[in-house]
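*Asks:* So that we are looking at the same thing, I have put the structure below in structure tokens.
Read-outs throughout are calculated quantities, based only on the coordinates presented, and are distinct from any laboratory measurement. Predicted model, so just to flag it, every value in this text is computed and none were measured. So basically every Cβ, Gly included, is an ideal-geometry build from the backbone, and we count neighbours across all protein chains shown.
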Amino acid sequence: RDSELFLSYLLVPYMRIPLLLQFFATEDRVHALRSKNLQKILLAAIFEPGEHLPRDVEPMPQHIPAKNKAKLATPFGHLMNELVHSPASTLGPLRELVLLALGLNTDTVVQTTTFTI
């Protein structure tokens, strides 16, 4: 089920960043980010610029689903768009992810996970 969710989140470019961050920001999934491949996928999804939208183009599509996919683009990339228009949906899970990762690295001899993601 988790792999299906993960793959489906990769297929929705406009909502991909908050969905992926929320997906990994749980105690049972943060461990998956020890995989270098998953780290690369997450970083690529977060920092992918996406389609460019010139500022003079009407940003809102009039029909759903949009007839013109170019109107789903952003002038500054998806990450910047999320941070400007919906910061809580990105920063909240990102904060939780950082706290979980730091909690994994307690530097004790009995800790099973000894490195920070």
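Here's the yes/no breakdown for (1) of a type in the set (Lys, Arg); (2) loosely packed, with under 15 Cβ neighbours inside 10 Å; (3) closer than 14 Å to residue 82 by Cβ:
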{"site": "2", "(1), (2), (3)": "no, yes, no"}
{"site": "6", "(1), (2), (3)": "no, no, no"}
{"site": "17", "(1), (2), (3)": "no, no, yes"}
{"site": "39", "(1), (2), (3)": "no, yes, no"}
{"site": "46", "(1), (2), (3)": "no, no, yes"}
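*Asks:* Under 7 Å by Cβ, and 6 or more places apart or on different chains, what pairs join a residue from region 77-90 that is at negative phi with one that is β-branched (Val, Ile, Thr) and surrounded by 13 or more Cβ atoms within 10 Å (Cβ to Cβ)?
*Replies:* 78/17; 79/17; 79/46; 81/74; 82/17; 82/90; 83/90; 90/17
*Asks:* Moving to a separate point now. Could you list all residues from region 15-31 that are under 13 Å from residue 2 (Cα atoms) and either β-branched (Val, Ile, Thr) or without any contact (Cβ under 8 Å) to a residue 40 or more places away in the chain (or both)?
*Replies:* The answer is 19, 20, 23, 26, 28, 29, 30.
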